[in-house]
Amino acid sequence: MHRILITGKLAREALERFAREPDLEVDYRPDLPASQLLSLVADFDALVSRSETTIDRALIDGGTRLRVIARAAVGVGNIDIAYATERGILVINTPGMNTNSAAELTLGLLIAAMRKIVPAHMTLMAQAWDRHRFTGHELRGKTIGIIGLGNVGHRVAKFARGFDMHVLAYDPYLAPTVFEQHQAEAVSLEQLCRRSDVITVHVPKTRETSGMIGAAQVDLMKEGVVLLNAARGGIIQEAVLLEALRSGKVRAAGIDTWEVEPPANNPFRELANVVMTPHIGASTVEAQHAVGMSIAEQTIRALRGEVVDFPVNMPQMKVLEGAATRMYTVLSERLGGFAAQFLDFTPTHLGILFRGGLSKDDAVLSRLAFLKGFLQHSNEELITYVNAERKAQARGLTFFDSPDPLYTDYESSIRFVLSNTTRRLELAGVVFSGGHLRITRVNDFLFEMEPRGTLLVTTNVDQPGMIGVIGTVLGNRSVNIDEFELARNRPGGEAMALIRVDDDVPDQVLEELRARHGITSVKRIRI
């Protein structure tokens with residue numbers, strides 16, 4: 001039974017999704033105080049949080065069973081990711097689920113600021129009427145500068161074009177084709193500051209972006225510029241923004257995220273040219289449904305050792321897409337388990353060779369999955385996608401990945417080669433249409449065997465009668481054969497059999513097989 005502690009509010013549908021799984025036990029405590037959380041976390045395998053929960057080193061140390069930390073949002077600034085990684089805990093989040101909601105709020109803040117909607121509303125609330133005080137500006141013909149052309153930024157660009165605005169964008173991590181795709185003019189940060197009538201930030205909060213809009217950048221801006229921050233508090237320095245609003249350098253601002261949340265003695269409340277919201281960029285029914293369902297599905301898969309869509313701290317990984325990638329990951333983990341039980345030497349190198357529809361990213365993921373399966377058989381400590389590579393390196397194993405031009409038996413395939421200076425084990429596999437996994441090679445022997453259940457791997461001298469010898473021993477011991485495949489490296493050389501049986505095979509049966517003339521090795525593999 002996997003136990004999940006949820007400390008942030010989730011959509012009802014997400015809680016129902018968890019409840020449908022018989023092997024999960026959920027404790028739902030939204031907005032749980034930190035003092036109580038620390039005393040509870042030791043009993044849980046997964047922690048699902050929102051921004052209100054700070055997951056620091058002390059909390060992670062307290063979570064002695066933790067395998068998964070799930071952030072029901074895109075930001076992970078409240079999580080000590082480096083320490084979670086050190087502890088082998090997978091961190092996942094939900095990027096892109098609230099993209100449209102955050103972009104719409106950005107445009108809402110912009111329109112409210114340009115048209116002075118908030119002070120106009122307050123005037124009517126006071127039963128006053130003064131139309132001339134609230135003359136604003138159109139968006140049409142204005143230039144908007146977007147800092148960060150990612151998930152939210154490119155939606156803002158699309159909406160802005162709908163208002164006939166000219167779009168500038170600064171994002172040093174994107175190729176020129178991305179700017180062309182979103183009809184945004186790529187510029188430097190300095191150019192963006194100088195040319196924009198409106199500037200909006202849509203970047204994560206990192207060391208690089210914290211405080212990136214300060215006094216030097218504001219000095220470059222046009223008189224009467226409008227600034228928007230619906231990304232992360234602290235990207236625009238609040239003290240600088242406050243002074244610029246008071247001086248008129250910045251005509252108006254829209255702020256959804258704050259350096260400290262909630263802001264204490266908020267000085268922006270005194271300014272009529274500021275539109276403020278309490279971090280509600282993702283606060284729509286649609287976004288909360290998408291976020292909740294995404295984090296529920298990923299948490300369930302993570303606890304079962306499956307691949308997740310949005311891993312934060314899996315080394316070198318991008319977003320995982322497609323059923324083929326998932327199935328090759330499952331195959332790779334099973335081949336890793338096979339290798340751990342088959343090997344009779346200590347490897348120092350692992351090579352991953354791939355071909356067909358598999359990419360370099362697929363190979364990286366497959367390597368992690370293979371190592372997870374390989375190491376789990378010889379470690380009492382939990383092995384995860386997060387710590388598998390580090391644990392393998394600590395054992396002296398080095399890796400390389402490359403395309404496999406020589407292995408052409410299948411449209412797509414993956415091959416693992418474990419070796420040291422004198423010995424070598426080669427395992428290969430393929431995923432057929434419909435998600436059918438197959439082992440296709442063990443050293444020089446070719447098969448098409450599903451990697452599941454209990455397998456016997458035997459080698460023997462290639463001579464008549466050996467299949468009968470194996471079948472007789474198993475039959476006499478009431479071991480029923482489910483599937484039997486035999487391959488040989490050359491006529492009269494050596495043969496290998498992969499035999500899947502219905503039940504586990506006792507040690508005495510293995511010893512009896514080894515004792516038979518002509519049989520050179522017997523391995524029992526449990527997958």
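Would you point out the residue of region 491-508, among those that are surrounded by fewer than 19 Cβ atoms within 10 Å (Cβ to Cβ) and outside any loop (DSSP other than H, G, I, E, B), that is modelled with the lowest pLDDT?
Narrowing region 491-508 to residues surrounded by fewer than 19 Cβ atoms within 10 Å (Cβ to Cβ): 491-494, 502-504, 506-508.
Subset that is outside any loop (DSSP other than H, G, I, E, B): 494, 507-508.
Numbers: E494: 92, D507: 88, Q508: 91.
By that ranking, first place goes to D507.
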- Item | Out of L192, L168, L174, L245, sole residue that is closer than 19 Å to H137 by Cβ and either under 35 Å from the mean Cα position of the chain (by Cα) or in a loop (DSSP other than H, G, I, E, B) (or both) | L168
- Message: For region 368-407, give me each residue that is touching a Gly at 6+ places or on another chain (Cβ under 9 Å), aromatic (F, W, Y) and at pLDDT below 80.
- Response: Y385
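Take V240 and decide whether it is over 22 Å from P262 (Cβ atoms) and either buried (at least 17 other Cβ atoms within 10 Å of the Cβ) or touching a strand residue (DSSP E or B) at 6+ places or on another chain (Cβ under 6 Å) (or both). First the steps, then the outcome.
Working: over 22 Å from P262 (Cβ atoms): no; either buried (at least 17 other Cβ atoms within 10 Å of the Cβ) or touching a strand residue (DSSP E or B) at 6+ places or on another chain (Cβ under 6 Å) (or both): yes.
It is false that V240 is over 22 Å from P262 (Cβ atoms) and either buried (at least 17 other Cβ atoms within 10 Å of the Cβ) or touching a strand residue (DSSP E or B) at 6+ places or on another chain (Cβ under 6 Å) (or both).
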- Item | Yes/no for G224 being closer than 26 Å to A282 by Cα and surrounded by fewer than 21 Cβ atoms within 10 Å (Cβ to Cβ) | no
- Query: For region 16-27, what are the residues that are closer than 18 Å to V291 by Cβ and surrounded by 16 or more Cβ atoms within 10 Å (Cβ to Cβ)?
  - Reply: R17, F18, V26
- For residues in region 210-234 being part of a loop (DSSP other than H, G, I, E, B) and touching a residue at least 60 places away in the same chain (Cβ under 8 Å), which is nearest to D256 (Cα to Cα)? A230
- With (1) of a type outside the set (S, T, N, Q); (2) surrounded by 15 or more Cβ atoms within 10 Å (Cβ to Cβ); (3) modelled with pLDDT of 90 or more as the list, and R140 as the residue in question, which single condition is left unmet? (2)
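Considering only residues that are among the hydroxyl-bearing types (S, T, Y) and within 29 Å of the chain's Cα centre (by Cα), look in region 411-464 and name the one that is nearest to I352 (Cα to Cα).
Of region 411-464, the ones among the hydroxyl-bearing types (S, T, Y) are 412-413, 419, 421-422, 433, 440, 454, 458-459.
After this cut, where a residue has to be within 29 Å of the chain's Cα centre (by Cα) as well, the list is 412-413, 433.
Numbers: S412: 13, S413: 11, S433: 22 Å.
By that ranking, first place goes to S413.
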- Message: Checking S247 against (1) polar (S, T, N, Q); (2) out of contact with any strand residue (DSSP E or B) (no Cβ under 7 Å at 6 or more places or on another chain); (3) in contact (Cβ under 8 Å) with a residue 40 or more places away in the chain: exactly one of these is not met. Which one?
- Response: (3)
- Message: Tell me yes or no: at least one residue of region 196-203 is within 27 Å of the chain's Cα centre (by Cα) and not β-branched (V, I, T).
- Response: yes
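Looking at region 73-82, which of the residues that are aliphatic (A, V, I, L, M) and assigned to a loop (DSSP other than H, G, I, E, B) is surrounded by the fewest Cβ atoms within 10 Å (Cβ to Cβ)?
The first filter runs over region 73-82 and keeps only residues aliphatic (A, V, I, L, M), leaving 73-74, 76, 79, 81-82.
Filter once more, so that each one left must be assigned to a loop (DSSP other than H, G, I, E, B): 73-74, 76.
Numbers: A73: 20, V74: 24, V76: 22.
The qualifying residue surrounded by the fewest Cβ atoms within 10 Å (Cβ to Cβ) is A73.
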- Query: What residue, of L5, L38, L15, is among the aliphatic types (A, V, I, L, M) and at pLDDT below 90?
  - Reply: L38
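Take R207 and tell me if it is modelled with pLDDT under 95, outside any loop (DSSP other than H, G, I, E, B), in the same structural domain as A244 (by TED's automatic domain parsing) and charged (D, E, K, R).
On the way: modelled with pLDDT under 95: yes; outside any loop (DSSP other than H, G, I, E, B): no; in the same structural domain as A244 (by TED's automatic domain parsing): yes; charged (D, E, K, R): yes.
So R207 does not fit the description; no.
For region 114-135, check the following and say yes or no: at least one residue is buried (at least 20 other Cβ atoms within 10 Å of the Cβ), within 20 Å of R194 (Cα to Cα) and at pLDDT 90 or above.
If we filter region 114-135 for residues that are buried (at least 20 other Cβ atoms within 10 Å of the Cβ), which is where we start, we get 114.
After this cut, where a residue has to be within 20 Å of R194 (Cα to Cα) as well, the list is 114.
Narrowing the set further to residues that are at pLDDT 90 or above leaves 114.
The answer is yes, given that some residue of region 114-135 is buried (at least 20 other Cβ atoms within 10 Å of the Cβ), within 20 Å of R194 (Cα to Cα) and at pLDDT 90 or above.
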- Query: modelled with pLDDT under 90, closer than 30 Å to L371 by Cβ and among the β-branched types (V, I, T) - does that describe any residue in region 509-527?
  - Reply: yes
- Within region 395-414, is even one residue out of contact with any strand residue (DSSP E or B) (no Cβ under 6 Å at 6 or more places or on another chain) and β-branched (V, I, T)? yes
- Query: Failed condition for A103, given (1) modelled with pLDDT of 90 or more; (2) closer than 19 Å to I295 by Cα; (3) small (G, A, S), with all others met?
  - Reply: (2)
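Within region 24-51, can you find the residues that are in contact (Cβ under 8 Å) with a residue 60 or more places away in the chain and out of contact with any Ser or Thr (no Cβ under 8 Å at 6 or more places or on another chain)? Quick ask: steps written out before the conclusion?
So in region 24-51, the residues in contact (Cβ under 8 Å) with a residue 60 or more places away in the chain come out as 24, 45-46, 48, 51.
L24, D45, S51 - these are the residues of region 24-51 that are in contact (Cβ under 8 Å) with a residue 60 or more places away in the chain and out of contact with any Ser or Thr (no Cβ under 8 Å at 6 or more places or on another chain).
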- Query: Are any residues in region 62-72 surrounded by fewer than 22 Cβ atoms within 10 Å (Cβ to Cβ) and part of a loop (DSSP other than H, G, I, E, B), and if so, which ones?
  - Reply: T64, R65, R67
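Quickly run through region 1-31 and pick out the residues that are among the β-branched types (V, I, T) and over 21 Å from the mean Cα position of the chain (by Cα). Even if it seems obvious, please write down each step before you answer.
Of region 1-31, the ones among the β-branched types (V, I, T) are 4, 6-7, 26.
Of everything in region 1-31, just one residue is among the β-branched types (V, I, T) and over 21 Å from the mean Cα position of the chain (by Cα), namely V26.
Do the conditions hold for A160, that is, is it buried (at least 21 other Cβ atoms within 10 Å of the Cβ) and closer than 15 Å to A103 by Cα? Don't jump to the end; show me each part of the working.
Details: buried (at least 21 other Cβ atoms within 10 Å of the Cβ): yes; closer than 15 Å to A103 by Cα: yes.
Criteria met by A160.
The values are calculated or read from the model by the stated rules, or taken from the named source; none is laboratory data. Because the structure is a prediction, the values reported are computed rather than measured. All Cβ positions, even for glycine, are placed from backbone atoms using ideal geometry, and neighbour counts span all protein chains on display.
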